[in-house]
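First the structure, in the form of structure tokens, and then the observations on it.
The values are calculated or read from the model by the stated rules, or taken from the named source; none is laboratory data. Note that this is a predicted model, so its numbers are computed, not measured. Cβ: placed from backbone, ideal geometry, glycine included. Neighbour counts: every protein chain shown. When the accessible area is computed, the model is the full protein with side chains, heavy atoms only, and any ligands, DNA or RNA have been set aside. Shrake-Rupley method; radii C 1.70, N 1.55, O 1.52, S 1.80 Å.
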Amino acid sequence: MRFGVLTGGGDCPGLNAVIRAVVRKGVKEYGYEFIGFRDGWKGPLEGLTMPLDIATTRGILPRGGTILGSSRTNPFKIDGGVEKIRENLKKMGVDALIAIGGEDTLGVATKLDQLGVKVIGVPKTIDNDLNNTDYTFGFDTAVNIAVEAIDRLHTTAESHHRALIVEVMGRHAGWIALHSGLAGGASCILIPEVPFHVDKVCEYVKSRFTQSYAPIIVVAEGAIPADGDMVTKDGTLDAFGHAKLSGIGEWLAKEIEKRTGNEARTSVLGHIQRGGTPTAFDRVLATRFGLHAITAAHEGDWGKMVALSGTAITRVPLASATEKLKTVDPSLYREAEIFFG
Ligand code: F6P
């Protein structure tokens, strides 16, 4: 059997670990052949490939990014896109696909499965917002990067008596903000799931200064003021129709300065959270996802996504994994609130 492997959407530390595990077990245990599709769904759409075997996947376990490249190409937004994919798979003798991606990439996989394409999904996103899996790989790495930044910002904030705001990724889900804010001892955490009141944030800022500490506020890029709108970068959309985000941190710094008279500055962590080597946790999770994905394919369990449930790797229908996002439960947010101010 011959498999095509692709990685789509925003990249994420651990993608290469999945590719390596899929290929290693597929070749050694099942005698399968692989072909790498380049740049997400653009690969099968345009026939862009690279060789994928044990030799080409050696040494990539700790490497960030993806050796296959990625894109946000959506074949369902392209005229004849799905037919083109089918034709290319046939031409290249590809029997089935392993698609590694987040809500958008796996959303495409879900629709292709419904159209009879054999596909297994592997959940990937630093945002940790895919449904039906306890964790996605990449999240742990992103949180650790954000925590290191927060630790560093504490000391400079205190030296200069400033409020420092850290803007982290998280469009619809505040997992990175919540975990990094808790681990980094933030004075306030703002997430998309719980609209915030600027006056309340200013109270936390003032209270922190009265305790002779400097406030650190962690804000997810998708956090929304209760009486305002989501702050977007430049109003442009990606191929899946998502507005490009970033700017809430800057906006908040201006409001804090205006309302409290304290100096406030913002650090936007942006793509730093997605780059570089994965943590050991993410390497292990990504490797296990890869091993289980090729086994699911071997068993012909098409239309499934491998998932983490507790410490076990399970399989869930792609359709259920992509029907909604896994957002932060407000009760978890309330746990963190005790440390605010
Ligand atoms: O991977 C998801 C994500 O991290 C979102 O939180 C963020 O909005 C998006 O990627 C930004 O990605 P890009 O800049 O590549 O479009």
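Ignoring ligands, DNA and RNA, what percent of the 1.4 Å accessible area of the chain is carbon and sulfur? Walk me through the numbers on the way to the answer.
Working: 7040 of 14010 Å².
Accessible surface attributable to carbon and sulfur in the chain totals 50 percent.
Out of the trypsin sites (Lys or Arg not before Pro) in segment 25-92, which ones are loop residues according to DSSP with at most 13 other C-beta atoms within 10 Å?
Details: sites: K25, K28, R38, K42, R58, R63, R72, K77, K84, R86, K90, K91; in loops: R38, R58, R63, R72.
Passing both the DSSP loop test and the Cβ count: R58.
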- Query: Which pairs break 20 Å Cα to Cα here: K233/K326; K124/K326; K77/K244; K42/K233; K84/K118; K206/K244?
  - Reply: K233/K326; K42/K233; K206/K244
- Task: May I ask you to list, by number, the DSSP H helices of the chain whose Cα span along the axis is at least 24 Å and whose average Kyte-Doolittle hydropathy reaches -1.0 or more?
- Result: 139-160, 280-298
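Given a Förster distance of 30 angstrom, what is the FRET efficiency for D234 paired with R152, based on the Cβ-Cβ distance and rounded to 0.05?
Numbers: r = 29 Å, r/R0 = 0.96.
The value I calculate is 0.55.
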- Message: Under 10 Å, Cα contacts only: if you run a Gaussian network model on the chain, which one of H298, H242, H154 comes out with the highest mean-square fluctuation?
- Response: H242
- Note on the structure: Expressed per residue, the solvent accessible area of the chain in Å² (1.4 Å probe) is about 41 Å²
- Message: With unit charges on the beta carbons (Lys and Arg positive, Asp and Glu negative) and the dipole taken about the Cα centre of the chain, which residue among P62, F3, L112 sits farthest to the positive side?
- Response: F3
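Express in nm, to one decimal, how much length is gained between K84 and R334 on full extension, taking 0.36 nm for each residue of separation and deducting their alpha carbon distance. Please list the in-between numbers first.
On the way: separation 250, 0.36 × 250 = 90.00 nm, distance 4.89 nm.
Gain on stretching K84 to R334: 85.1 nm.
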- Message: For segment 100-141, what are Rg and Dmax over the alpha carbons, in angstrom?
- Response: 10.9, 35
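Could you tally the net charge around E203, taking each other residue with its Cβ under 14 Å from the Cβ of E203, Lys/Arg +1 and Asp/Glu -1? Spell out each step's value before the answer.
On the way: positive: K200, K206, R208, R259; negative: D199, E255, E337.
Net local charge, E203 excluded: +1.
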- Note on the structure: For L190, the net charge from surrounding residues (Cβ-Cβ under 11 Å; K, R +1; D, E -1) works out to -2
- May I ask for the Rg/Rh ratio of the chain, computed from Cα atoms with Rh as the Kirkwood radius, given to two decimals? 1.03
- Post the alpha-carbon centroid distance, segment 63-82 to segment 186-233, in whole angstrom. 35 Å
- For T236, the net charge from surrounding residues (Cβ-Cβ under 13 Å; K, R +1; D, E -1) works out to +1
